[in-house]
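The structure appears right after this line, and notes come after that.
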Amino acid sequence: ICIVGVYFGKFKNYFSLWLKSCEYNSSIDFYIFTDILYEGYKPSNVHFINMTLTRLKSIASEKLNLNISLERPYKCCDLKPFYGTIFKDYMHRYEYWGHCDLDLIFGDVGFFLDKYNYSEYDKFLNLGHLSLYRNTDKVNHYYMLPGSKCGDYTTVLLNNESYAFDENVGIVQIYLQNKLPLFYKRIFAD
């Protein structure tokens with residue numbers, strides 16, 4: 001499993017706690033795509049990939065074959081369900097990939113994955129702050145299916161408006177409307 005975080009600007013003062021919680025989940029690799037040159041402690045399972053927002057826009061546009069709109073960092077939330085395509089070169093060896101926010105403190109992620117039989121699902125969890133996807137070409141392109149309340153994926157990608165495509169109105173609706181294997185229980189503290 002690998003989990004991707006994308007963040008531009010300046011890490012919050014609790015970033016070291018996020019890193020520590022990643023370290024305790026050593027069976028998962030974390031990739032952070034950021035313009036921040038982080039010089040602090042880095043667990044061996046956390047990998048920093050430096051890039052600007054402009055570079056991410058260029059890579060995403062190329063991989064998705066669209067001139068996407070990405071003028072501000074918050075718009076990256078809409079890109080989360082597309083990470084399987086955008087960052088395919090980093091994810092090719094993993095059975096599952098996911099996305100996360102950097103304001104989480106992870107517990108024992110593996111315990112919950114095993115307890116709820118994550119391998120029975122193409123998407124595990126439904127919210128943008130943490131979700132996992134089976135890493136297959138078919139699943140990585142489910143965003144193209146109908147069902148989103150945001151409009152189709154090109155609408156989301158070509159406009160600078162934030163659609164919350166990574167949440168219940170977007171990719172989750174696609175899974176529900178198309179009866180795709182989705183784990184939808186709330187198993188986290190908020």
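Using a 1.4 angstrom probe on heavy atoms only, work out the carbon and sulfur share of the accessible area of the chain in %.
50
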Checklist entry - Which number comes out as Rg/Rh for the stretch 84-180 once both Rg and the Kirkwood Rh are worked out on C-alpha atoms? => result 0.96
Checklist entry - Please state the equivalent ellipsoid semi-axes for the stretch 143-190: what are the square roots of 5 times the Cα gyration tensor eigenvalues, largest first, in whole Å? => result 21, 15, 6
Next on the checklist: Please state the shape class of the stretch 25-74: rounded when a/c is under 1.5, otherwise prolate if a/b exceeds b/c and oblate if not, all from the C-alpha gyration tensor.
Outcome noted: prolate
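Give, rounded to the nearest 20 debye, the magnitude of the charge dipole that the stretch 66-190 has about its Cα centre when Lys and Arg contribute +1 at Cβ and Asp and Glu contribute -1 at Cβ.
Roughly 260 debye for the stretch 66-190.
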Checklist entry - Between the stretch 35-55 and the stretch 134-190, what's the alpha-carbon centroid distance in Å? => result 27
Item to check | 222 nm mean residue ellipticity, helices alone, for the chain (DSSP H n ≥ 4; -39,500 (n - 2.57); rounded to 500) | outcome: -6500 deg cm²/dmol
Item to check | Reachable lysines from K149, criterion Cα separation under 19 angstrom, eight or more residues apart if same chain | outcome: K75, K80, K123, K179
Checklist entry - Could you give the alpha-carbon Rg of the stretch 32-141 over 2.2 N^0.38 Å, rounded to two decimals? => result 1.12
Next on the checklist: Using a probe radius of 1.4 Å on heavy atoms only, what accessible surface per residue do you get for the stretch 96-190? Whole Å² is fine.
Outcome noted: 49
Checklist entry - Normalised by the number of residues in the stretch 1-149, what is the relative contact order in percent for Cα pairs under 8 Å and 6+ residues apart? => result 26
Checklist outcome for this item: On the formula 1/(1 + (r/R0)^6), with r taken between the Cβ atoms of Y24 and Q177 and R0 of 35 Å, the FRET efficiency rounded to 0.05 is 0.45
Checklist entry - Between (i) 9, 38, 39, 14, 0; (ii) 8, 26, 25, 22, 12, 5, 2; (iii) 9, 29, 28, 19, 11, 4, 1, which matches P(r) over Cα pairs in 10 Å bins from 0, in percent calculated for the structure shown? => result (i)
Item to check | Listed residues Y31, L64, M91: farthest to the positive end of the dipole of the chain (Cβ charges) | outcome: L64
Checklist entry - chymotrypsin sites (Phe, Trp or Tyr not before Pro), restricted to the stretch 35-84: which are DSSP loop and have at most 10 other Cβ atoms within 10 Å? => result Y41
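The values are calculated or read from the model by the stated rules, or taken from the named source; none is laboratory data. It should be emphasised that the depicted structure is a prediction, and the values quoted were computed from it without experimental measurement. Backbone-built Cβ (ideal geometry, glycine too); neighbour counts: all protein chains shown. Remember, those area values only see protein heavy atoms, side chains included, never the ligands or the DNA or RNA. Shrake-Rupley method; radii C 1.70, N 1.55, O 1.52, S 1.80 Å.
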